[in-house]
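Asker: The structure is given below, and queries will be raised subsequently.
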Amino acid sequence: MAAPVRRLSREAHRRRIHVRMRKSLAGTPERPRLCVHRSSKHIRVQIIDDGTGNTLASASSLDKEVREKIQGGGNIAASKVVGKVIADRARAKGVEQVVFDRGGYQYHGRVQALAEAAREAGLRF
């Protein structure tokens, strides 16, 4: 009789994908990494220089500036606002080009909306 197949939880599966992706993704001073984390209620994004381990800019649906413009943090509208805010903050720090790290999430829905809003606001990836 065959052993039962052990299924990974959705979060464990996402983390495995993220670890696999991070083997080939790294932020440099010229092109830092734009890292996305989403939960059911909020979305967070950071721009990270992996060489020094410094976070250059960050934005979240929890930020006061963002909360004034959105209703709820776990929707596409909030992702678009967060994408625009992170692009503005990055450009203020002199960052024009980034490497997109989707964090193991599918490039769909909120993650896609955030990326497209950041591109429209002037960030290149």
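The values are calculated or read from the model by the stated rules, or taken from the named source; none is laboratory data. Everything numeric in this text was worked out from a predicted model, so none of it was measured. Ideal geometry is used to build each Cβ from the backbone, glycine not excepted, and the neighbour counts take in all protein chains shown.
Asker: Is it the case that residue 60 is under 16 Å from the mean Cα position of the chain (by Cα), closer than 27 Å to residue 77 by Cα and either modelled with pLDDT under 95 or of a type in the set (Lys, Arg) (or both)?
Answerer: No.
Asker: Show the residue pairs meeting these rules: Cβ distance below 6 Å; 6+ apart or different chains; first residue within the stretch 90-113 and without any contact (Cβ under 8 Å) to a residue 60 or more places away in the chain; second residue polar (S, T, N, Q).
Answerer: If the second residue must be polar (S, T, N, Q), the pairs left are 113/79.
Asker: In this structure, does residue 81 turn out to be in contact with a helix residue (DSSP H, G or I) (Cβ under 6 Å, 6 or more places away or on another chain) and modelled with pLDDT of 95 or more?
Answerer: Considered against the rule, which asks whether it is in contact with a helix residue (DSSP H, G or I) (Cβ under 6 Å, 6 or more places away or on another chain) and modelled with pLDDT of 95 or more, residue 81 comes out as yes.
Asker: Could you tell me which of the residues 9, 24, 40 is touching a residue at least 24 places away in the same chain (Cβ under 8 Å) and more than 22 Å from residue 89 (Cα to Cα)?
Answerer: 40
Asker: Of the numbered conditions (1) crowded, with 20+ Cβ neighbours inside 10 Å; (2) under 15 Å from the mean Cα position of the chain (by Cα); (3) assigned to a loop (DSSP other than H, G, I, E, B), residue 48 fails exactly one; give the number of that condition.
Answerer: Of (1) crowded, with 20+ Cβ neighbours inside 10 Å; (2) under 15 Å from the mean Cα position of the chain (by Cα); (3) assigned to a loop (DSSP other than H, G, I, E, B), only one is false for residue 48: (3).
Asker: Taking the options 43, 86, name whichever one is under 20 Å from residue 21 (Cα atoms) and not polar (S, T, N, Q).
Answerer: On inspection, the qualifying residue turns out to be 43.
Asker: Has the stretch 14-34 got any residue that is buried (at least 16 other Cβ atoms within 10 Å of the Cβ), part of a strand (DSSP E or B), of a type in the set (A, V, I, L, M) and modelled with pLDDT of 95 or more?
Answerer: The answer is yes; a qualifying residue exists.
Asker: If we scan the stretch 75-89, do we find a residue that is touching a residue at least 12 places away in the same chain (Cβ under 8 Å) and more than 14 Å from residue 113 (Cβ to Cβ)?
Answerer: For the stretch 75-89, residues touching a residue at least 12 places away in the same chain (Cβ under 8 Å) and more than 14 Å from residue 113 (Cβ to Cβ): present.
Asker: OK, next. Being buried (at least 20 other Cβ atoms within 10 Å of the Cβ) and of a type in the set (Asp, Glu) is the filter here; which residues of the stretch 71-125 pass it?
Answerer: 101
Asker: Would you please list the contacts, defined by Cβ atoms under 7 Å and residues six or more apart or on different chains, that run from a residue in the stretch 51-72 that is under 16 Å from residue 89 (Cα atoms) to a residue that is part of a strand (DSSP E or B) and among the basic types (Lys, Arg)?
Answerer: These pairs meet every condition: 60/44.
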